[in-house]
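The values are calculated or read from the model by the stated rules, or taken from the named source; none is laboratory data. What you are looking at is a predicted structure, and each value in this text was computed from that prediction instead of being measured. Note that we place each Cβ from the backbone using ideal geometry, even for glycine, and neighbour counts take in every protein chain shown. Side chains are part of the model used for accessible areas, which takes the heavy atoms of the whole protein and leaves out ligands, DNA and RNA. Shrake-Rupley method; radii C 1.70, N 1.55, O 1.52, S 1.80 Å.
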Amino acid sequence: YPADGSVVNAGSVTSGAFATPGSSATASASAQVSTISIFGGDVTVSSVTATSKASANSRASSADSQGSLVSGLVVQGQGVTPGVGTQFPIGDWGYVVTLQEGKASLDAEDARGARAFVTALQVRLTADHYGLPAGTEVMIGYAEASAKVDIAAKPERKRKPPVKAQPKKPAKKPV
């Protein structure tokens, strides 16, 4: 982006999403991007992988972004080591954040569920740069998955009405 690739350029992009509905719901999503150049090479990355998965059944739910990674990150000529939520300055005009992830429970009284998401690489401009205004965000490698199942309401147990004791008839005396 734009057509000349001066703001963002990538060698290859692959993504996928899968879901299985039902009483044991699962979902997964992934994005892989390789040979990335941002802002004319101010930020380069060998590859990013964003993965997320979620599952839910009537007893429990879970979600995570395990397996997400950023490889070969270079910011203005300096190799840096990415980590979850790690931030690196780019001159006086922006910063890079790696592996921003989150998860949320979707559990409720009548449902179980979970959601996970991850952005592998995000560049945010704090000042105008490359013709883009401050506040612009470039996100590379995003994946989100959620799974939710409804829990069938348990039928109320019907109680048997109490048995009323019949009054005893007085015993007949022999005459």
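Results, tabulated for the structure shown:
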{"item": "The listed residue being free of Cβ contacts under 8 Å to residues at least 60 places away in the same chain and either surrounded by 15 or more Cβ atoms within 10 Å (Cβ to Cβ) or over 19 Å from F39 (Cα atoms) (or both), out of T136, T119", "result": "T136"}
{"item": "First in region 52-70 and in contact (Cβ under 8 Å) with a residue 24 or more places away in the chain and surrounded by fewer than 22 Cβ atoms within 10 Å (Cβ to Cβ), second anywhere and not in a strand (DSSP E or B) and not basic (K, R), Cβ under 6 Å, 6 or more apart", "result": "N57/S24; S58/I151"}
{"item": "Residue match in region 21-30 (condition: touching a residue at least 40 places away in the same chain (Cβ under 8 Å) and under 30 Å from D92 (Cα atoms))", "result": "no"}
{"item": "Among residues of region 111-133, those that are within 18 Å of Y1 (Cα to Cα), of a type in the set (A, V, I, L, M, F, W, C) and modelled with pLDDT under 95, counted", "result": "1"}
{"item": "Candidate set: region 122-133, residues that are open to solvent by 70 Å² or more (accessible area, probe 1.4 Å) and free of Cβ contacts under 8 Å to residues at least 40 places away in the same chain; chosen: the one nearest to the chain's Cα centre (by Cα)", "result": "R124"}
{"item": "Candidate set: region 105-116, residues that are in contact with a Gly (Cβ under 9 Å, 6 or more places away or on another chain) and surrounded by fewer than 17 Cβ atoms within 10 Å (Cβ to Cβ); chosen: the one farthest from D150 (Cα to Cα)", "result": "S105"}
{"item": "Lone qualifier among V75, V8, V45, V84 - being farther than 15 Å from V138 by Cα and of a type outside the set (G, A, S)", "result": "V84"}
{"item": "Some residue of region 25-35 being open to solvent by 30 Å² or more (accessible area, probe 1.4 Å), of a type outside the set (V, I, T) and more than 22 Å from A120 (Cα to Cα)", "result": "no"}
{"item": "Residue in region 84-104 that is surrounded by the fewest Cβ atoms within 10 Å (Cβ to Cβ), counting only those that are touching a residue at least 24 places away in the same chain (Cβ under 8 Å) and of a type in the set (S, T, Y)", "result": "Y95"}
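Each row is one residue, and each column tells you yes or no for (1) under 25 Å from Y130 (Cβ atoms); (2) more than 23 Å from the chain's Cα centre (by Cα).
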{"position": "P2", "(1), (2)": "yes, yes"}
{"position": "A10", "(1), (2)": "yes, yes"}
{"position": "S15", "(1), (2)": "no, no"}
{"position": "S23", "(1), (2)": "no, no"}
{"position": "A50", "(1), (2)": "yes, no"}
{"position": "P82", "(1), (2)": "yes, no"}
